[in-house]
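To start, the structure under review is shown below, and the notes come after it.
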Amino acid sequence: MKHKLIAVASDHAGFELKQHIIGYLEEKGYPYKDFGCDGEKSDYPVCGERAARAVASGECCCGLVFCGTGIGISISANKINGIRCACCSDTYSAEFSRLHNDANMLALGGRVVGTGLAEKLVHLFLTTEFEGGRHKDRVDLIMRLEKRDTE
Ligand code: RB5
């Protein structure tokens, strides 16, 4: 996913980790667009929605979102059609969210993971390709679920 725009967003509880990961993206040469917050008290569904819509519309190739646990912002992002946001705090899940689920957003908890682990999770998410094959059929079934619910 290198050299395509990455959406980043956080609430206040994920802000510090977001800032750290922005530094990591800059160091590695990944372009990104920050959808807030700026550190002030903010609601994770609001910033999560902004980043998720940028991914769903194709403006961004994928997204990295942060709140206290990573849970609230991932649930919010997953309400937007086309989004598969994985909330991860271990390397195996981050890698397989790409290999098997073709996740297009990663959610991390600023109160859960340290900066070193967060960098590793982001690296795996950004560099692992979807395996496709039988996993594509399952991802297609996921996307059919959201279609059925909006018909
Ligand atoms: C904010 O205090 C906290 O509830 C939020 O960042 C997140 O952890 C919710 O899932």
Can you tell me which residue within region 1-27, out of those that are at pLDDT below 95 and in contact with a Cys (Cβ under 8 Å, 6 or more places away or on another chain), is nearest to the ligand (Cβ to nearest atom)? 1
Residue count, region 26-82 (criterion: in contact (Cβ under 8 Å) with a residue 40 or more places away in the chain and aliphatic (A, V, I, L, M)): 7
Quick check on region 49-75: of everything there that is assigned to a loop (DSSP other than H, G, I, E, B) and more than 16 Å from the ligand (Cβ to nearest atom), which residue is surrounded by the most Cβ atoms within 10 Å (Cβ to Cβ)? 60
Counted residues in region 55-87 being of a type in the set (A, V, I, L, M, F, W, C) and in contact with a Lys or Arg (Cβ under 7 Å, 6 or more places away or on another chain) come to 4
Looking at this structure, is residue 79 over 13 Å from residue 8 (Cβ atoms) and either within 15 Å of the chain's Cα centre (by Cα) or within 16 Å of the ligand (Cβ to nearest atom) (or both)? yes
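The values are calculated or read from the model by the stated rules, or taken from the named source; none is laboratory data. Treat the numbers as computed from the prediction; the structure is a model and nothing was measured. All Cβ positions, glycine included, derive from the backbone under ideal geometry; neighbour counts span all protein chains shown.
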